[in-house]
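Comments concern the structure below.
Coordinate-derived values only; no laboratory data. The structure displayed is predicted, hence computed values, not measured ones. Please note: Cβ atoms are built from the backbone with ideal geometry, for glycine as well, and neighbour counts cover all protein chains shown.
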Amino acid sequence: MVEDGGGGGEEEEEAAEGEMPATAGVPALQRCNGFLPGKEAEDGGGRAAPAGGGERAAPAEAEAMLSAGGGRLETRLSRRRLAVLAVFSCYSLVNAFQWIQYSILSNVFAGFYGVSFTQIDWLSMVYMVAYVPLILPATWLLDARGLRLTALLGAGLNGLGAWLKCASLAPDRYPITFAAQAVCAVAQVFILGLPSRIASVWFGPTEVSTACAVAVLGNQLGTAIGFLLPPVLVPNTHNDLDLMAHNISIMFYGTAIVSTLLFFLTGVVFEEKPKYPPSHSQAVLQTMPPEDYSYKQSIINLFRNIPFVLLLISYGIMTGAFYSVSTLLNQMIVTHYEGEEVNAGRIGLTLVVAGMVGSIICGLWLDYTKTYKQTTLIVYVLSFIGLLVFTFTLDLGYLIVVFVTGGILGFFMTGYLPLGFEFAVEITYPESEGTSSGLLNASAQIFGIVFTLVQGKLTTDYGPRAGNLFLCAWIFVGIILTALIKSDLRRHNVNSGIMNLDVKAVPVDSPVEPESTTLKIQSAL
């Protein structure tokens with residue numbers, strides 16, 4: 001494997017612990033995300049002078065690394081990164097499966113528990129409601145206590161919620177199944193913000209967008225399986241509630257066993273970070289002392305970053321629309337195709353699988369071209385067109401048409417998800433990837449709740465077309481907001497050597513600060 005640093009491009013054998021060995025004398029440096037102090041430009045001797053105002057300089061070892069490599073740090077890739085990505089994708093898959101397993105069988109569970117469709121919809125919306133108040137504590141925990149603890153919490157709560165569902169296998173136990181789903185919703189808070197953090201901390205600059213797409217793909221695959229498997233495991237036997245309870249128990253117990261296994265795998269596989277940084281942008285962050293990081297200042301900086309705020313809203317609109325369509329898909333299909341619950345699940349599967357393909361293609365494209373804004377805008381426009389086509393062909397009476405239009409819609413709408421994560425990391429570097437991703441997901445949950453409630457009401461009162469047109473109008477607003485985003489690829493600039501390694505996260509539109517504390521960009525020439 002070719003080393004990622006300035007070591008002449010020679011290949012190295014991996015060490016016994018699964019890491020590419022670094023050059024002698026390079027210390028294992030602590031990671032610090034977010035608020036990074038600036039340093040003065042290098043003097044004639046090649047050493048970085050301390051910043052003005054008594055700021056503490058970087059460790060001597062880090063300075064030696066900087067000067068020896070011409071301002072670029074040694075980096076290595078770890079074999080463990082693939083196992084970390086695989087385990088995360090799997091338990092994210094199970095969490096997404098538990099999110100959608102009720103909604104795709106809304107008529108079955110409404111009959112089993114004797115409740116309304118709205119109460120069944122809340123079993124999906126509780127994921128969105130729980131996320132909003134808990135995202136800031138969760139991102140603080142990710143920054144303060146690290147990746148491993150956050151991953152264990154997500155996997156552990158996911159398993160706990162799955163086992164609690166096994167106690168709700170009776171028609172009078174809707175409150176228990178709701179409480180269990182709420183536990184799974186809390187687990188989601190510790191899952192959705194991790195893809196970009198895992199990709200940045202463990203993967204090199206030529207694979208980071210693809211890794212993020214694969215991490216998001218796990219969640220999408222869980223949604224796909226949630227569309228496909230529950231209608232097969234739990235057919236609508238409304239005349240035999242005992243048989244229905246038995247079928248539901250198979251689904252619940254199977255999910256609990258798998259989620260428990262994944263919790264133990266998480267404990268074995270996950271580490272806080274690799275022994276050596278995988279990219280120069282991560283190496284820069286790891287050289288800085290952790291006491292210089294301020295979570296509060298990081299949040300303030302993000303909300304004063306105008307391009308990020310625009311992305312925050314546009315990402316929330318697109319992803320919230322996807323959540324709403326996924327939640328109400330069963331109702332939309334059975335309105336025009338009565339008795340087609342199984343095909344409704346298959347259409348949902350088609351939508352998400354096509355989106356998984358779109359995610360991987362977009363991730364590979366970003367790694368190859370780094371055209372973040374252009375790709376995001378094109379996918380947004382094509383999602384808008386796809387939803388319009390889906391809306392006006394839904395009632396033609398041909399399920400095959402719905403399969404095709406649903407696949408087209410899913411390819412672009414679901415394929416957009418990793419684009420938003422990676423674009424946010426680029427325009428907010430060196431802020432914490434978990435914080436920016438968490439805020440994006442919080443926006444998506446808020447829009448998802450509003451869209452699901454409004455679209456559900458419109459679908460019930462006026463039909464699926466009215467609800468879908470409501471979403472189309474909002475996605476058009478998202479296109480305008482995306483077009484206004486200024487593309488400032490900070491992380492890419494550091495990795496390619498365009499930006500000086502002396503970086504500090506400051507708002508892009510903030511007043512000019514003293515030279516020692518501003519983001520400095522220098523020509524690679």
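So the values come out like this:
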{"read-out": "Hydrodynamic radius (Kirkwood) for segment 118-193, which is based on Cα pairs only, to one decimal in Å", "value": "12.8 Å"}
{"read-out": "Positive-end residue of Leu349, Ser314, Met244, charge dipole of segment 238-378 with Cβ unit charges", "value": "Ser314"}
{"read-out": "Relative frequency of Cα-Cα separations exceeding 15 Å in segment 359-428, percent", "value": "55 percent"}
{"read-out": "Cα shape, segment 153-194, gyration tensor, a/c 1.5 rule", "value": "prolate"}
{"read-out": "Stokes-Einstein D (µm²/s) once Rh is taken as the Kirkwood radius of segment 165-225 over alpha-carbon pairs, at 20 °C in 1.002 mPa s", "value": "157 µm²/s"}
{"read-out": "Order by protection proxy (mean Cβ within 10 Å, highest first), peptides 472-482, 354-364", "value": "354-364, 472-482"}
{"read-out": "Whether segment 366-473 is rounded, prolate or oblate, judged on the alpha carbon gyration tensor where a/c under 1.5 counts as rounded", "value": "oblate"}
{"read-out": "Distance in nm between pseudo-label sites at Val334 and Cys166 (7 Å out along the Cβ direction from Cα)", "value": "2.8 nm"}
{"read-out": "Radius, Kirkwood style, for segment 71-173 when every pair of distinct Cα atoms is counted (Å)", "value": "16.5 Å"}
{"read-out": "Magnitude of the charge dipole, segment 211-354, Cβ model with Lys/Arg +1 and Asp/Glu -1, debye to 20", "value": "540 debye"}
{"read-out": "Debye intensity ratio in log₁₀ form over the Cα atoms of segment 195-350, taken at each q of 0.14, 0.16 Å⁻¹", "value": "-1.00, -1.14"}
